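**Q** Submitted below is the structure of interest, expressed as structure tokens.
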Amino acid sequence: MEKVVSAAYLRSVFSGKRVFLTGHTGFKGAWLLQILHWLGANVKGYSLAPEKSNDLYNQMDGDKLCYSSVIADICDKQKLQTEIGRFEPDFVFHLAAQALVRRGYDMPDYTFMVNAQGTAHVLDAMRGLDKPAIGVMITTDKVYDNPERGLPFKEDDKLGGYDPYSASKAAAEIVIDSYRRSFFNPKDHSKHKKAIAAARAGNVIGGGDYSDDRIIPDIVRAISFGETVGLRNPASIRPWQHVLEPLGAYLLLAAKMTEHPVRYSTAYNFGPNPEDMLTVEDLTKVFTGSYGAGDYKAIPQQGAPHEAKLLLLDSSRANEHLGWKSHMDARTAIRWTAEWYADKHHSANEKCLKQITEYFG
């Protein structure tokens, strides 16, 4: 597999740097924490506690990978501002979020508070820093108004959201753009010395995800209990992407922003090849085949909440500006994920580092 960006380049940027990472106890956050530690960065994490005892952060003893780990709510503006101000980070990666579509239906007000207002809190805390800093704000591919025409979305397409989760992330994008124009305008970078970018990625998969209402964790749980996994939307197409793909993209974007903070202070899509499309049923077949166990059945959903059936991203801006493109096809991503869960002989740290090393070289 061709390397997206070399580990040597990333180490030259991040080694010894102070990185403030929100959402470090989540699935993507734990992987990013592992990568940043591997690159030699000093990471201060800020997040709620892991929800489950077997979450990846707990499995890999994430506290030991942190310069400091703060368990607190992103909605606590004063606490967040204090922790960022004390740390004086060189980089801020904002991943903290209420990230589940179905939970968004159950807790819409909380979802908007965390995803939109929480993002404003992070940006406002950065506004108080009296030093140069780079911020990469993570949203989602679901920020677009999606009529499901089958066309990949570009960064300047209309934002929207049918469900509360999608709408809250679209709102976060508006917040990010407002702060970028009002307080961190690239034209005035020499004065404020802050560079802010937004990153939009799709349905990530990878080892160590035990979230509710996600297909890979559902399959893994079914296998562990000897049950048949039920597929709610077997024909739905998702931009399946191994977690290392967008995380590598976020790091590359932040690294490039150190070179040209004005040019890269914008929004970027980081999606897989739009032609590399698999349905939920296809993914299940590949995963169970690679894992060596598991069975499934379709479960008709009467009156189920709306979820988009087709969502694709156009990543041409990332390719043109950053030289980034997806290098891992969906079947490889699924195979890597299945192999992580099937490996019972190595620790979570060892399994993650093996794949990180193979991916970045």
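The values are calculated or read from the model by the stated rules, or taken from the named source; none is laboratory data. Keep in mind that this is a model prediction, so the values were computed, not measured. Cβ atoms come from the backbone with ideal geometry, glycine included; neighbour counts cover every protein chain shown. Ligands, DNA and RNA are stripped out before the accessible areas are found, and what is left, the full protein with its side chains, is counted by its heavy atoms. Shrake-Rupley method; radii C 1.70, N 1.55, O 1.52, S 1.80 Å.
**Q** Could you check, for segment 327-339, whether at least one of its residues is in contact (Cβ under 8 Å) with a residue 12 or more places away in the chain, more than 22 Å from Ala30 (Cβ to Cβ), open to solvent by less than 50 Å² (accessible area, probe 1.4 Å) and more than 19 Å from the chain's Cα centre (by Cα)?
**A** no
**Q** Related question: Would you pick out the residues in segment 51-85 that are without any contact (Cβ under 8 Å) to a residue 12 or more places away in the chain and within 17 Å of Ala41 (Cα to Cα)?
**A** Asp63, Lys64
**Q** What number of residues within segment 172-193 satisfy the criterion of being surrounded by fewer than 22 Cβ atoms within 10 Å (Cβ to Cβ), small (Gly, Ala, Ser) and either under 21 Å from the mean Cα position of the chain (by Cα) or within 19 Å of Asp130 (Cβ to Cβ) (or both)?
**A** 2
**Q** Going by the structure shown, is Ser53 open to solvent by 20 Å² or more (accessible area, probe 1.4 Å), outside any loop (DSSP other than H, G, I, E, B), under 16 Å from Thr25 (Cβ atoms) and among the small types (Gly, Ala, Ser)?
**A** Against the criterion (open to solvent by 20 Å² or more (accessible area, probe 1.4 Å), outside any loop (DSSP other than H, G, I, E, B), under 16 Å from Thr25 (Cβ atoms) and among the small types (Gly, Ala, Ser)), Ser53 does not qualify.
**Q** If you don't mind, another one. Is it the case that Glu155 is assigned to a loop (DSSP other than H, G, I, E, B), in contact with an Asp or Glu (Cβ under 9 Å, 6 or more places away or on another chain) and in contact (Cβ under 8 Å) with a residue 24 or more places away in the chain?
**A** yes
A quick yes/no check of all residues on (1) basic (Lys, Arg); (2) under 27 Å from Pro239 (Cβ atoms):
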site	(1), (2)
Gly40	no, no
Lys52	yes, yes
Thr82	no, no
Gly104	no, yes
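**Q** Could you please find all residues in segment 82-121 being open to solvent by 40 Å² or more (accessible area, probe 1.4 Å) and of a type in the set (Asp, Glu)?
**A** Listed by number, the residues that qualify are Glu88, Asp90, Asp106, Asp109.
**Q** Also, quick follow-up: Restricting the search to segment 56-70, which residues are assigned to a strand (DSSP E or B), of a type in the set (Gly, Ala, Ser) and buried (at least 16 other Cβ atoms within 10 Å of the Cβ)?
**A** The one that is assigned to a strand (DSSP E or B), of a type in the set (Gly, Ala, Ser) and buried (at least 16 other Cβ atoms within 10 Å of the Cβ): Ser69.
**Q** Are any of the residues in segment 99-116 touching a Lys or Arg at 6+ places or on another chain (Cβ under 6 Å) and under 23 Å from Leu32 (Cβ atoms)?
**A** Yes, the conditions are met somewhere in segment 99-116.
**Q** Tally the residues that are of a type in the set (Val, Ile, Thr), open to solvent by 10 Å² or more (accessible area, probe 1.4 Å) and outside any strand (DSSP E or B), restricting the search to segment 240-287.
**A** The total comes to 5.
**Q** Can you report the number of residues in segment 71-115 which are among the β-branched types (Val, Ile, Thr) and in a loop (DSSP other than H, G, I, E, B)?
**A** Residues meeting the conditions: 1.
**Q** Right, next: State yes or no: is Arg200 surrounded by fewer than 23 Cβ atoms within 10 Å (Cβ to Cβ) and within 25 Å of the chain's Cα centre (by Cα)?
**A** The answer is no for Arg200.
**Q** Anything in segment 33-50 that is closer than 17 Å to Tyr210 by Cβ and either part of a helix (DSSP H, G or I) or open to solvent by less than 10 Å² (accessible area, probe 1.4 Å) (or both)? List them, or say none.
**A** Leu33, Gln34
**Q** Which condition does Asp130 not pass, out of (1) closer than 30 Å to Asp218 by Cβ; (2) not in a helix (DSSP H, G or I), if it passes all the others?
**A** Checking Asp130 against (1) closer than 30 Å to Asp218 by Cβ; (2) not in a helix (DSSP H, G or I), the one that fails is (1).
**Q** Let me ask something else about it. Tell me, which residue of segment 306-326 that is part of a helix (DSSP H, G or I) and touching a residue at least 24 places away in the same chain (Cβ under 8 Å) is farthest from Leu251 (Cα to Cα)?
**A** Ranking the qualifying residues of segment 306-326, first place goes to Ser316.
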